[in-house]
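The values are calculated or read from the model by the stated rules, or taken from the named source; none is laboratory data. Remember, predicted model here, so these are calculated numbers, not experimental data. Using ideal geometry, Cβ is built from the backbone for each residue, glycine included, and neighbour counts are taken over all protein chains shown. Accessible surface is based on the protein model in full, side chains and every heavy atom, while ligands, DNA and RNA are left aside. Shrake-Rupley method; radii C 1.70, N 1.55, O 1.52, S 1.80 Å.
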Amino acid sequence: MSKHHSFTNTVDQVLTHGVKKGILHLYTEDERLLPTRIQLNGKPVINFGSCSYLGLEFDERMRAAAKEAIDQYGTQFSESRAYVSVRMYRELELMMNELFDAYCIVTPTTTLGHIANVPVMVSDDDAVIMDHQLHNCVQTAVQLVKARGVPTELIRHNRLDILEERVQALRGRHTRIWYMADGIYSMYGDACPMDEIIRLLDRYPQLYFYTDDAHGMSVYGKNGRGFVLNNRRMHPKMVMATSLNKAFASGGGVLVFPEKEAARKVRTCGGPLLSSGPMQPSCLGAALVAARIHLSPEIYDMQSALQERLRFTREMLRRYGLPVFSEPEAAIFFIGVSLPRLGYNLIERMLRAGYYLNLAIFPTVPMKNSGIRFTITLLHSLSQIKEMIAILAEEFRQALQEEEMELEEIYKAFRRPLPVPVTEPATAGQPKLVAAGKAQRVNAFLYSSISELDADRWNRLFANSGAFDHASLLLLEQAFKHHPQPESQWDFDYLVVADNDNNTVLACCCTTTRWKDDMLSPATASRKIEIKRAADPYYLTTRVLSAGTLLTEGEHVCIDFRHPDWKEALLAFIDMLYRLQEKNEAETIVLRDFHHIHPELDDLLIENGFFRISMPDKHDIAVQFTDPETYLRFLPSKARNQLRSSVLRHEAVFTKQHYGQATNKKQVEEWYQLYLQVKDRGLELNTFALPESLFYQLSADASWDKLELRLPGRADGPVAILFSYTGGGHYIPSIIGIDYTCNKVFNIYRQTLYQAILHAAELGRKKIRLGFTAGMEKKKLGACAIACYAYVHSPDGYNMQVVENEL
């Protein structure tokens with residue numbers, strides 16, 4: 001994740017779009033709630049979004065107990081539990097001890113329970129390994145121990161083979177290694193592999209297990225103690241938290257311990273148990289009744305009745321052939337839709353039809369694994385379930401048709417085989433007609449080399465956009481297309497969408513290669529990650545399908561927004577990108593660099609599985625000068641003074657030379673070594689080093705200006721080299737190399753840019769594009785910062801989470 005962007009920005013963008021669509025942040029409008037019906041947006045709907053799986057919130061015993069507790073104790077008892085707790089607390093905790101056959105602490109919420117529990121249970125010499133789908137409330141608590149210096153890391157979902165490898169690697173350095181996972185995961189309803197976890201706990205003395213079983217509580221096990229403890233006792237190296245706010249229906253949470261001393265210590269030292277407010281009387285009153293129900297045979301009748309509804313639901317879903325990706329035993333059902341736009345469409349349709357279901361979207365699921373999530377409770381009748389699924393199946397069919405999507409796309413996004421095989425028609429020849437838009441008003445074409453496109457037409461589309469005109473791209477293809485090193489092997493693809501009169505509506509050059517996942521992260525994170533890359537060079541790297549190349553900057557996606565069919569062209573373009581992503585085995589798609597936010601484009605990309613991030617600012621100079629004197633007058637007075645003191649006073653000691661072509665091999669080798677000095681220090685934009693072979697090709701190309709600086713009398717060769725692209729009307733410095741042993745005294749970096757600026761003016765260029773990074777230095781030379789944005793499609797999101805964890 002970029003240091004110029006935060007996870008919060010992405011969540012805000014995606015969820016705000018759902019709010020604008022009228023399907024998120026809703027409020028019920030009922031004067032009085034009924035068991036399964038609520039009113040939303042002026043319309044009564046049947047609620048299939050409740051996590052109160054046993055429907056106990058409408059149990060008259062629970063309601064009466066809550067009212068009676070208010071009558072006896074008031075609406076609240078406002079004292080910290082470190083001082084005084086209302087009597088019902090002790091009674092409830094004793095009942096919980098019996099229910100779980102373990103030692104329990106009741107907390108105001110499950111989240112506060114984790115915040116109390118994790119910092120006490122995890123010591124400074126421990127380590128924490130989290131399943132990357134671990135619930136956010138646990139991950140929030142883990143941040144408290146991470147701040148103390150406890151090592152934390154993420155592993156892929158339910159990959160116990162990776163867990164075992166990490167335990168073996170860490171056990172010699174840490175007293176305890178905590179594996180943290182959910183019992184039942186809240187989106188897909190899948191479960192942690194408890195039998196395998198127990199075997200690992202028994203095998204490795206250092207391994208401990210911390211789990212949140214909120215969605216398993218009441219639904220499974222003896223006394224409704226949950227999925228994790230279903231048909232098994234509390235393991236002596238396990239700590240569990242669970243919720244009283246779902247099927248238990250009272251509010252609050254419970255921490256469960258295998259031994260009394262751990263419970264005592266958390267009760268004494270856990271932060272929220274020292275200073276936060278307690279669970280209030282009405283909730284405690286309801287919880288006592290719920291506990292009595294759980295300790296009676298009645299709980300088994302409820303579990304059995306719920307399982308009957310779940311079996312019926314699964315059969316109905318099977319009968320209608322909906323793409324179900326949830327686990328067979330859970331009360332949570334997940335219908336895959338892949339792209340958010342299909343999910344928005346379907347939720348809106350179901351609301352109009354009188355049913356409320358949840359939209360599962362980023363960040364709770366990956367962007368391209370969006371889905372329709374619904375839950376089944378004891379309050380639902382079989383007829384309600386049957387009617388809802390029948391309507392869902394029909395609305396699903398119509399939404400697919402309206403969004404021009406195929407069922408096969410959904411299964412492919414979830415990496416599952418399509419139940420019924422589909423035969424694809426063969427295609428051949430170049431250019432390939434790979435997609436057609438609605439009503440066939442636009443056609444999308446794919447080319448594998450810039451040589452297949454007309455140079456004049458391409459250059460008109462991307463005039464003055466950057467160093468990716470026809471000639472420059474041809475050189476880059478020659479340098480990278482068949483390079484033996486994986487990080488320097490770039491696949492080139494050219495996407496063009498035209499209308500039926502062959503007018504170009506959209507065009508883009510794309511490359512697929514391996515990126516470092518921390519490319520835009522703070523240098524502090526990259527330094528930590530680079531230590532691990534010393535042993536594994538491709539650690540936290542991803543194959544990325546990107547607009548443009550890692551060597552170019554500018555608006556790589558050309559869209560004619562004046563064309564009436566630009567939106568259709570964009571959808572055809574996105575469809576091509578997804579096909580290319582699969583063909584090129586890319587994990588992520590990045591569309592860059594947009595210089596402003598176009599609201600309609602923004603919405604369309606979000607609905608099709610992308611989210612927007614802020615890139616580093618780029619820096620341009622509009623050339624309004626012709627020589628050094630007019631350039632000095634162009635600068636603000638403070639920058640002018642800084643230039644005189646740090647650059648101009650040293651200018652005379654340098655000899656400078658501009659080369660159209662390098663003179664010999666030794667010179668190129670010297671230039672490359674200077675570049676590596678910058679690369680080894682430059683973690684602000686952390687990429688793989690460019691290959692030396694590229695420097696030979698650039699050095700032989702006259703459209704690339706090579707500015708070399710030397711210090712007379714210094715036998716070690718040049719002290720600076722700057723490669724700048726001069727084609728296309730702009731002057732574009734792209735690659736710099738510096739001898740850092742001289743930089744502190746002579747300010748070589750700023751001197752080199754200064755000489756490049758003067759040369760651009762001599763050549764009559766109207767704009768100098770100084771690119772990303774080193775913004776303060778470039779502003780001192782008169783550059784203007786321009787905001788840049790990118791749109792990212794990351795189906796998995798795992799590597800992004802790992803990098804975020806390093807921050």
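Considering region 613-735 at the alpha-carbon level, its Rg and Dmax are found to be 16.4, 48 Å. In this structure the amide hydrogen of Ser521, modeled in the peptide plane, comes within under 5 Å of the amide hydrogens of Lys3, Asn686, none closer than 5 places in sequence on its chain.
By accessible area, using a 1.4 Å probe on protein heavy atoms only, the chain has 51% of its surface on carbon and sulfur.
As an exercise, identify the trypsin sites (Lys or Arg not before Pro) in region 362-416 lying in DSSP coil whose Cβ has no more than 11 other Cβ atoms within 10 Å.
Arg415
Working from Cα pairs under 8 Å separated by at least six residues, relative contact order for region 29-166 is 13 percent. Rounded to whole numbers, the Karplus 3J(HN,Hα) couplings from phi for region 745-753 are 7, 9, 6, 5, 4, 5, 4, 5, 5 Hz, using 6.51 cos²θ - 1.76 cosθ + 1.60 with θ = phi - 60°, and x at Gly and Pro.
What's the long-distance tail for region 127-194, i.e. % of Cα pairs beyond 18 Å? Summing the P(r) tail past 18 Å for region 127-194 gives 37 percent.
Excluding residues on the same chain fewer than 8 positions from Lys260, give the lysines whose Cα lies under 22 Å from its Cα. Within the straight-line cut-off, Lys260 pairs with Lys222, Lys237.
Between the C-alpha center of region 724-794 and that of region 510-549 there is a gap of 23 Å. Largest first, the extents of the alpha carbon coordinates of region 671-805 on the three principal axes equal 54, 35, 31 Å.
Taking the Cβ-Cβ separation of Ala787 and Glu153 as r and a Förster radius of 41 Å, what is the calculated FRET efficiency to the nearest 0.05? Once rounded, the FRET efficiency stands at 0.75.
Normalising the average separation of contacting C-alpha pairs (under 8 angstrom, six or more residues apart) by the number of residues puts the relative contact order of the chain at 13 percent.
If you take every residue apart from Ala756 with its C-beta less than 14 Å away from the C-beta of Ala756, what net charge results, scoring Lys and Arg +1 and Asp and Glu -1? Intermediate results must be reported in sequence, preceding the final value.
Values: positive: Lys656, Lys706, Arg750, Arg765, Lys767, Arg769, Lys778; negative: Asp620, Glu651, Asp705, Glu708, Glu762, Glu777.
Here the count lands on +1.
Per residue, the average separation of C-alpha pairs within less than 8 Å and at least 6 apart gives region 1-71 a relative contact order of 14 percent. Could you work out how far the C-alpha centroid of region 592-634 sits from that of region 224-268, in angstrom? Spelled out, the Cα-based centre of one part sits 53 Å from the other.
Of the trypsin sites (Lys or Arg not before Pro) in region 128-170, which ones lie in a loop per DSSP and count no more than 11 other C-beta atoms within 10 Å? Intermediate values should be presented prior to the final figure.
Details: sites: Lys146, Arg148, Arg156, Arg159, Arg166; in loops: Arg148, Arg156, Arg159.
Qualifying residues, ordered by number: Arg148.
Work out, step by step, the length gained on full extension between Glu315 and Lys767: first 0.36 nm times the residue separation, then minus their alpha carbon distance; give nm to one decimal.
Values: separation 452, 0.36 × 452 = 162.72 nm, distance 6.57 nm.
Full-extension gain reported as 156.1 nm.
Placing a label point 7 Å from the Cα of Asp454 along the Cα-to-Cβ direction, the residues of region 563-588 whose backbone N falls under 20 Å of that point are 563. At a probe radius of 1.4 angstrom, the accessible area of the chain per residue rounds to 42 square angstrom. A simple spin-label model places the labels of Leu418 and Gln307 3.7 nm from each other, with each point 7 Å out along Cα-to-Cβ.
Based on the Cβ-Cβ distance of Thr687 and Ala169, what FRET efficiency does E = 1/(1 + (r/R0)^6) give at R0 = 25 Å, to the nearest 0.05? Don't skip to the answer; put the middle values down first.
Numbers: r = 28 Å, r/R0 = 1.12.
For R0 = 25 Å, the calculated efficiency reads 0.35.
For log10 I(q)/I(0) by the Debye sum over Cα atoms at q = 0.06 Å⁻¹, the value computed from the atomic coordinates appears in the list (i) -0.56; (ii) -0.49; (iii) -0.37 under label (ii).
Distance from the alpha carbon centroid of region 128-202 to that of region 326-369 works out to 27 angstrom.
Lysine pairs in region 667-807 whose alpha-carbon atoms fall under 24 angstrom of each other, counting only those eight or more residues apart or on distinct chains, come to 20. The calculated FRET efficiency for Asp71 paired with Arg199, based on their beta-carbon distance and R0 = 41 Å, is about 0.20. Within region 561-627, list the trypsin sites (Lys or Arg not before Pro) lying in a DSSP loop whose Cβ has at most 10 other Cβ atoms in a 10 Å radius. Sites meeting the loop and neighbour criteria: Arg562.
Summing +1 for each Lys or Arg and -1 for each Asp or Glu, what net charge is found among the other residues whose Cβ lies under 11 Å from the Cβ of Asp182? Don't skip to the answer; put the middle values down first.
Working: positive: none; negative: Asp131, Asp190, Asp212, Asp213.
Counting the neighbours of Asp182, the net charge comes to -4.
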